[in-house]
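Trainee: My questions will all concern the structure given below.
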Amino acid sequence: MVRRQRVVSATLWALLLLGSLPFPLRSQAEDLTALQKDPNQWVLPAKNYASTRHSELNQITAANVKNLKPAWTFSTGVLRGHEGSPLVVDNTMYLVTPFPNIVYALDLTKPGAPLKWKYEPKQDAAVMPIACCDVVNRGVAYADGKIFFNQLDAHTVALDAKTGKELWKVQQGDPKQGQTITMAPLIIRDKVLTGISGGEFGVRGFVTANDVGTGKQVWRAYSTGPDAEVLIGKDFTSPYPSHQGKDLGVSTWKGEEWKRGGGTTWGWYSYDPELNLLYYGTGNPGAWNADQRPGDNKWSMSLVARNPDTGEAKWAYQMTPHDAWDYDGINESVLVDLTIGGTLHKALVHFDRNGFGYTIDRTNGKVLVAKPFGHINWASAVDLQTGLPVENPEKRTKQGVNVKDICPAAMGAKDQQPVAYSPRTKLFYVPTNHLCMDYEGTEVNYMAGVPYVGAVVKMTAGPGGHRGEFIAWDPTTGERKWTIKEKWSAWGGALSTAGDVVFYGTMDGWFRAVDAREGKELWNFKLGSGVIGSPMTYIGPDGKQYVAILSGIGGWSGAVVAADLALDDPTAALGAVGAFADLGKDTNKGGMLYVFALDGGAKQVAKKQTLPQ
């Protein structure tokens, strides 16, 4: 192998010296593009750039999943919410914990997957209360022999994947200004893409690109402000008049509210290599009291497509203008090609906190389908001609008025918990919340580093008394195909496989496998703590398919347990106590990785997959 690499390198150098290389060197992108097509590994947080979280592995099927057994476990040593999932690259598993953000590398070639290395950053614990909704971390990224991750104190770090040695560290924000980071980075060619958290502290959101090799900042694009800072230029387009015009990131705000206007960028990112577009969503505007910031408040609550080389925006679509409910738009965008009305579209599918499942043309931001995927009453529909929601005025929140029974609640019909898409069934598998709320806006003044919310919220279970559902969704028609009711919000992510099995975990600690076509439960296993992370799968050195998931209750919904919150005020934790006060009866703190395999299962290696695009 070493000799072959030397020969290839010598050839490349010869071509460079002769000036005859027909394309620029893009080794990182080529490595990741090739690696993500290998079903035996899991090299990106969402499996691939399209964020499908679908694996072509098929040893575990609907027929034999009942024989799944624990293969090995690993304690992370941390008892806060575990919201991410591991990566597997070249027989090494990498994972990062919640604060203090310890990174582990585990050797899959040896029994029990012993530790290869451990990296524990030094962070000031004073950053912990700055995090809005628990001190979670959603995972590491890999590229070019390096592991990348974000620390809660707003640093991005690069480690040597073989040794764990720190290669560089850069500061993206200041916790004293309310800035933290909980999201997993995304690597596109020679750039590390990261966002920022802190929408509840008046942080002005942005996305940053840093150089993979050095950490040097290449560009930064803000969510609010003048076009020059949002990086909106001549290539920006929108099919909707309400999205057209100069400096909308300023003119759709009152005065200088945009400078503390939120639109933070803490969710999952996707990338289309063919269109060369990065996709992500922006969060709630600040403050939660909408009466303090009249106007559409662009570009909060928006999906944004950017050129990852320059940061220039191609299009943006604001789902919830002048948000009055905290319906963050940060949820993931899944990139699939779909036939709708007889026409094949390069589509982006996004399940928003506001309760609508959007199917959007990802080349220009035009909405093709928008239907409620959960119980909602703040709006009745989305007007496909204007792109605007058709609001119910009775459910718009106001300062000094306690508006009751708004659905969904501030946690949304779905929060960060990522969906999966199976190209075999053409269905999305969506973990959802089933919550409603009472909401009263209150006047609030801005002070850097201090919560800037301005609302009193009490959340409750939705109609029927259950707090979550796991559903299958047809993105071409906007219809549910089947539903599984859950006692608690389905706050963990989904995994689909070519064995026509879908996996997900629950907040009370059940890890479930269900039939992808009918939704019938096929297998379950009770974990030590609740699940808010996402399952993944890979092939081990022994040729067996493994399924892994992190257990550890927490996050906004599970903070009542993870952070030992008092339960006497249902409006505490931004309303979470009202809906989850009794969660501690069903689960306890934990921090464990569980890995499962078929007992004596077949040994085979799946073929490289064709991405569903």
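Trainee: How far, in nm, would the chain grow between Asp337 and Gln177 when pulled straight, counting 0.36 nm per residue and subtracting the alpha carbon separation?
Mentor: Extending this stretch completely gives an extra 53.5 nm.
Trainee: Provide, in order from the shortest bin, the percent of all Cα-Cα pairs of the stretch 34-109 in each 5 Å bin, continuing until the bin that contains the maximum pair distance.
Mentor: Result returned by the calculation: 3, 13, 19, 20, 22, 16, 6, 1, 0.
Trainee: Over the Cα atoms of the stretch 344-454, how large are the radius of gyration and the largest Cα-Cα distance (Dmax), in Å?
Mentor: 16.6, 52
Trainee: What Kirkwood radius, in Å to one decimal, follows from the Cα pairs of the stretch 146-234?
Mentor: 13.6 Å is the Kirkwood radius here.
Trainee: Here is a follow-up. Under the Kirkwood approximation for Rh and a Cα-based Rg, what ratio Rg/Rh is obtained for the chain?
Mentor: We get a ratio of 0.95 for the chain.
Trainee: Determine ³J(HN,Hα), in whole Hz, for all residues of the stretch 425-440 in sequence, where each value follows from phi through the Karplus function 6.51 cos²θ - 1.76 cosθ + 1.60 and θ = phi - 60°; x replaces Gly and Pro.
Mentor: Going residue by residue, I get 9, 6, 10, 9, 10, 10, x, 10, 9, 10, 9, 10, 7, 9, 8, 10 Hz, with x marking Gly and Pro.
Trainee: Right, here's the next one. Using Stokes-Einstein with the Kirkwood hydrodynamic radius over Cα pairs, what translational diffusion coefficient do you get for the stretch 76-225 at 20 °C and a viscosity of 1.002 mPa s, in µm²/s rounded to a whole number? Let's see the in-between values first.
Mentor: Details: Rh = 15.6 Å.
Approximately 138 µm²/s, per Stokes-Einstein.
Trainee: Which of Gly225, Ser197, Val336 sits closest to the plus end of the dipole of the chain, meaning its Cα is farthest towards the positive end, when Lys and Arg get +1 and Asp and Glu get -1 on the C-beta?
Mentor: Looking along the dipole axis, the top candidate is Val336.
Trainee: List the residues whose amide H sits under 5 Å from the amide H of Thr497, counting only those 5 or more places along or on another chain, with H placed 1.01 Å from N in the peptide plane.
Mentor: Placed amide hydrogens put Ser55 under 5 Å from Thr497.
Trainee: Could you order peptides 513-525, 297-309, 33-45 by the average number of other Cβ atoms within 10 Å of their residues, highest first?
Mentor: Working: 513-525: 17.5, 297-309: 25.7, 33-45: 20.6.
The packing order, highest mean first, is 297-309, 33-45, 513-525.
Trainee: Tell me, what % of the accessible area of the chain is carbon and sulfur with a 1.4 angstrom probe? Kindly include the intermediate steps, with their values, before the conclusion.
Mentor: Details: 10970 of 21210 Å².
Answer for the chain is 52 percent, counting heavy atoms of protein chains only.
Trainee: Summing -39500 (n - 2.57) over the DSSP H runs of n ≥ 4 in the chain and dividing by its residue number, what mean residue ellipticity at 222 nm do you reach, to the nearest 500 deg cm²/dmol? Don't jump to the answer; show the numbers that get you there.
Mentor: Values: 6 runs with 46 residues, N = 613.
Helix contribution divided over all residues of the chain: -2000 deg cm²/dmol.
Trainee: Mind pulling the per residue volume of the convex hull built on the Cα atoms of the stretch 481-535? Å³ is fine.
Mentor: Taking only Cα atoms, the stretch 481-535 has a hull volume of 75 Å³ per residue.
Trainee: Now for a different question. Could you calculate the contour length gain from Val390 to Asp247, that is, 0.36 nm times the residue separation minus the distance between their Cα atoms, to one decimal place in nm?
Mentor: Working: separation 143, 0.36 × 143 = 51.48 nm, distance 2.53 nm.
Fully extending the segment from Val390 to Asp247 adds 49.0 nm.
Trainee: Once the Cα gyration tensor of the stretch 469-613 is diagonalised, what are the square roots of 5 times its eigenvalues, in whole Å and ordered largest first, as equivalent ellipsoid semi-axes?
Mentor: Result for the stretch 469-613: semi-axes of 31, 20, 12 Å.
Trainee: Could you state the orientation-averaged shadow area of the convex hull built on the Cα atoms of the stretch 261-359, in nm² to one decimal?
Mentor: 6.7
Trainee: Compute the distance in nm between two label points, each set 7 Å from the Cα along the Cα-to-Cβ direction, one at Leu567 and one at Ala126.
Mentor: Distance between label points: 3.4 nm.
Trainee: If we count every other residue with Cβ under 12 angstrom of Trp510's Cβ, Lys/Arg +1 and Asp/Glu -1, where does the sum land? Write out the running numbers ahead of the final one.
Mentor: On the way: positive: Lys487, Arg512, Lys526; negative: Glu486, Asp508, Glu521, Asp586.
In short, -1.
Trainee: Then there's this: Charges only on Cβ, +1 for Lys and Arg, -1 for Asp and Glu: so what's the dipole of the chain about the Cα centre, in debye to the nearest 20?
Mentor: In debye, rounded to 20, the chain gives about 1620.
Trainee: A follow-up question, please. Which number do you get for Rg(Cα) / (2.2 N^0.38 Å) in the stretch 447-490?
Mentor: Dividing the Cα Rg of the stretch 447-490 by 2.2 N^0.38 Å gives 1.82.
Trainee: Please report the Cα spread of the stretch 219-311 along all three principal axes, rounded to whole Å, starting with the longest.
Mentor: Cα spread of the stretch 219-311 along its principal axes, largest to smallest: 42, 26, 24 Å.
Trainee: Oh, and also: Sorted from largest down, what three extents in whole angstroms do the Cα atoms of the stretch 323-380 have along their principal axes?
Mentor: So the extents along the principal axes, rounded to whole Å, are 35, 21, 16.
Trainee: Please report, in whole Å, how far the alpha carbons of the stretch 552-595 spread along each principal axis, starting with the longest.
Mentor: 37, 18, 14
Trainee: Over the stretch 248-329, with the other protein chains present, what is the accessible area per residue in square angstrom, probe 1.4 angstrom?
Mentor: Averaged over the residues of the stretch 248-329, the accessible area is 22 Å².
Trainee: Also, I was wondering about something else. What does the charge count near Lys234 come to, summing +1 for each Lys or Arg and -1 for each Asp or Glu among other residues with Cβ under 12 Å from its Cβ?
Mentor: Working: positive: Lys246, Lys314; negative: Asp227, Asp235, Glu312.
Net of charged neighbours comes to -1.
Trainee: Between beta-carbons, use under 14 Å as the cut-off and find the net charge around Arg260, counting Lys and Arg +1, Asp and Glu -1.
Mentor: With Lys, Arg at +1 and Asp, Glu at -1, the net is +1.
The values are calculated or read from the model by the stated rules, or taken from the named source; none is laboratory data. What you see is a predicted model; the values in this text were computed from it and never measured. Neighbour counts run over all protein chains shown; Cβ positions are idealised from the backbone, glycine included. Surface areas here come from the heavy atoms of the whole protein model, side chains and all, with no ligands, DNA or RNA. Shrake-Rupley method; radii C 1.70, N 1.55, O 1.52, S 1.80 Å.
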